[in-house]
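Right, one structure below, let's go through it.
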Amino acid sequence: MSRLAGKVALVTGASSGIGNAIAATFGREGASVVVADVRRDPKLDTERSVFDKLDEVGADYTFVEMDVTDPEQIQSAIDTTVSEFGGLDILVNNAGIYYQYTVDETPLDEWDEIMDVNLRGLFLCCKLALPHLRESDNGKIINLSSILGLVGAGNSGAYCASKGAVSNLTRQMALDYAAEEINVNALAPGIIETAQNAEWRENDPELLADWQASTPWPRFGQPEDIADAALFLASDESNFVTGHILSVDGGWTAR
Ligand code: NAD
């Protein structure tokens, strides 16, 4: 299948976890892929390199070292995308971080860091990519929100605030860019087994049991579950879908 043949996709945070799976899936479906991350290697030893996966399917790809908090690095990554692949059709704003604190316990620098990466970084990537998405026949923006961008959860003040803002910014941008036929949607993953939660999965059986009890489906998600949904939002099959936050959460938010 080549559901993304001829498309060019830039995926932030694509070396690990969900971004890694999205980049590999897009490459398998015929897209040229820009892997944009602060690091090349996956965060977990158990994860397979995205470059090995892209090689395996014969995809065109490039790596750009890019921190989403730095506008100059983002501009340079977009310039590389356009010069290497001739344009940009799909932007996936996936880079994100998570800390666990109640509001009164949140260190100010960690609040700022979460907002910088999860929200300001996503805004900057959209702002700088939009001139090129406008040139595409089917420009697509896919933002990584979270179930914690739809509902509150204990101990996650800054993260909930950042992802709530991502959800509503997604709806807002969908309105501004609909006339230009640029789709803006978000994914709201539930618990997905990645580096973001590896430490708790390993060391906090109580929290793990709590997460499983909140997930009606009898397992946690895998990065590929999110990549399959991202593929739908990146493909022509979703051309009339915009401003939507798609939960991929094993039923977490169905309660
Ligand atoms: P992960 O930690 O496995 O991977 C995140 C990747 O982003 C890493 O490769 C990291 O190097 C990169 N990154 C971090 N900061 C960056 C920056 N400033 N600039 C560029 N790259 C940066 O995380 P994941 O679980 O794959 O999460 C991906 C996205 O999905 C995040 O936005 C996260 O909040 C969201 N999400 C994850 C889950 C989950 O359960 N794993 C649930 C809901 C939402």
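Structure values in brief
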item: Selection within segment 177-226 - within 14 Å of the ligand (Cβ to nearest atom), of a type in the set (A, V, I, L, M), at pLDDT 95 or above and within 19 Å of Lys163 (Cβ to Cβ); result: Ala186, Leu187, Ala188, Ile191, Ile192, Ala195, Ile226
item: Scan of segment 60-104 for residues that are within 15 Å of the ligand (Cβ to nearest atom), within 18 Å of the chain's Cα centre (by Cα) and assigned to a loop (DSSP other than H, G, I, E, B), ordered by number; result: Met66, Asp67, Val68, Thr69, Asp70, Asn94, Ala95, Gly96, Ile97, Tyr98, Tyr99
item: Residue within segment 105-120 that is within 16 Å of the ligand (Cβ to nearest atom) and either of a type in the set (S, T, N, Q) or assigned to a loop (DSSP other than H, G, I, E, B) (or both) present; result: yes
item: Selection status of Ile142, more than 29 Å from Glu181 (Cα to Cα), out of contact with any Cys (no Cβ under 8 Å at 6 or more places or on another chain) and crowded, with 16+ Cβ neighbours inside 10 Å; result: no
item: Inter-residue pairs, beta-carbon under 9 Å, first within 10 Å of Ser162 (Cα to Cα) and in segment 103-122, second in a loop (DSSP other than H, G, I, E, B) and of a type in the set (Asp, Glu), 6+ apart; result: Val117/Asp67
item: Every residue from segment 10-30 that is farther than 20 Å from Leu128 by Cβ and either within 9 Å of the ligand (Cβ to nearest atom) or in a loop (DSSP other than H, G, I, E, B) (or both); result: Ser15, Ser16, Gly17, Ile18, Asn20, Ala21, Glu29, Gly30
item: Residues of segment 197-233 satisfying the condition of being surrounded by fewer than 18 Cβ atoms within 10 Å (Cβ to Cβ), among the charged types (D, E, K, R) and outside any loop (DSSP other than H, G, I, E, B); result: Glu199, Arg201, Glu202, Glu206, Asp210, Glu224, Asp228
item: Output for segment 163-195, where each listed residue is free of Cβ contacts under 8 Å to residues at least 60 places away in the same chain, small (Gly, Ala, Ser) and either closer than 29 Å to Pro216 by Cβ or not in a helix (DSSP H, G or I) (or both); result: Gly164, Ala165
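The values are calculated or read from the model by the stated rules, or taken from the named source; none is laboratory data. Since the structure is predicted, the reported quantities are computational estimates derived from the model, not experimental observations. Neighbour counts run over all protein chains shown; Cβ positions are idealised from the backbone, glycine included.
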